[in-house]
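The values are calculated or read from the model by the stated rules, or taken from the named source; none is laboratory data. Predicted, not measured: the structure shown is a model, and the values here were computed from it. Glycine also receives a Cβ, built like all others from the backbone with ideal geometry; neighbour counts cover every protein chain displayed. For the accessible areas, the whole protein counts, side chains as well, though only heavy atoms, and no ligand, DNA or RNA atoms are used. Shrake-Rupley method; radii C 1.70, N 1.55, O 1.52, S 1.80 Å.
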Amino acid sequence: MSETPALKAGMAAQITLRVWLAVYRSVFGLVRAPVDLGIRLLLAQAFVSTSVMAMTSAAPMESGGAMSAAAMVASGGLGGLFLSLGLFTRLSAASLLAFELSRSGGDPAQLNLFVIALLAWYLLRGPDALSIDRALNVGLRVSALPLSKPVMRVLDSLRDVAAPYGLTLARLWLAGALVGGTLWSAWIPAEAFNALPRGLALVTALLIASGLGLPVVLTLLGAGLAGLHAMTPAADANLYLLLFLAVMGFHGGGALTIDSRIAAWLHARFLFDRPRDAVPLDWPRVVIVGAGFGGLACAAKLSGL
């Protein structure tokens, strides 16, 4: 094949970009699972603590007496424990959602809306790699147990279809909270961003709503809120808001974002797989000795370059 300096430079740039994207994804993958575990542990701690306090007081809850202390222990304590382990995570999240809504009587003023958002996320997406569910899913996909495969298909649909649209709604919900104003619903936590300058909040809302540079924008937003609280103790410091920003930062803004359009453009223009005869002849050839798990994994990784 004819090789020009421009062609060789373009292919070298493509390889370099792929390598850096692979490093970026690998780092994100390594960090995301421990962060997910930390979020589940913090949520579980809150619910278990609440259930223990109710058990020691042994008094009915104030929301019409609909839930007794025993029901709180069962719903909050066991749900929190299972959530922390990543065992039956979606059922645990659904149980904790019902518990929170019942405890508050459905009044958003009595709720931490970011806790509700995090529980809804786990209901749709499930836990990350550091969980019992993920370990069990490997066997359930090929299991002969009745209904195991249909159940796994439903859970995969929740993860692959429902969760991205859930992130889209969460992204718009967060942008609405940043815009604020008295016309917004009580279910939009505009007060969480009162400490931000108005102009900065509006620019951040525009970037989040459009889905442009979400990992960077959300990281700066979380760092800014934490810094404001450190400098001004009176400023609201919502731990669960920071955890929610971490979830969106790691998983993106769902469907219909500018980031996803940019990623698709990069793949179409630069990151697509070139035919073998388009590889310059003077490039090194890699020979993998052995076709065990290590050799196959090496070949799979190198094929992405």
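Within region 110-137, the set of residues being of a type in the set (Ser, Thr, Tyr) and under 22 Å from ASN238 (Cα atoms) comprises just one member, TYR122. For region 189-232, the tally of residues that are in contact (Cβ under 8 Å) with a residue 24 or more places away in the chain, within 17 Å of PRO108 (Cα to Cα) and among the aliphatic types (A, V, I, L, M) stands at 1. In region 11-27, of all residues being surrounded by 12 or more Cβ atoms within 10 Å (Cβ to Cβ) and small (Gly, Ala, Ser), the one that is nearest to PHE250 (Cα to Cα) corresponds to ALA22. Restricting attention to region 239-269, the residues that are open to solvent by 50 Å² or more (accessible area, probe 1.4 Å) and at positive phi total 1. If you take the residues of region 183-200 that are assigned to a helix (DSSP H, G or I) and open to solvent by 80 Å² or more (accessible area, probe 1.4 Å), which of them is modelled with the lowest pLDDT? Ranking the candidates gives GLU191 first.
The residue list SER104, SER92, SER143 contains one member that is without any contact (Cβ under 8 Å) to a residue 12 or more places away in the chain, open to solvent by less than 30 Å² (accessible area, probe 1.4 Å) and more than 16 Å from the chain's Cα centre (by Cα), which is SER143.
Checking LEU30, LEU42, LEU37 one by one, the residue that is more than 25 Å from VAL115 (Cβ to Cβ) and modelled with pLDDT of 85 or more is LEU30 and no other. Please work out if ASP160 is among the acidic types (Asp, Glu) and touching a residue at least 24 places away in the same chain (Cβ under 8 Å). The answer is no for ASP160. Please work out which residue is farthest from ALA177 (Cα to Cα), limiting yourself to region 201-227 and to residues that are open to solvent by less than 30 Å² (accessible area, probe 1.4 Å) and in a loop (DSSP other than H, G, I, E, B). Within region 201-227, the match that is farthest from ALA177 (Cα to Cα) is GLY213. Being under 29 Å from VAL151 (Cβ atoms) and either of a type in the set (Phe, Trp, Tyr) or at pLDDT 95 or above (or both), is that true of even one residue in region 100-113? No - not one qualifying residue is present in region 100-113.
Among the conditions (1) modelled with pLDDT under 90; (2) within 20 Å of the chain's Cα centre (by Cα); (3) in a loop (DSSP other than H, G, I, E, B), LEU87 misses just one, which is (1).
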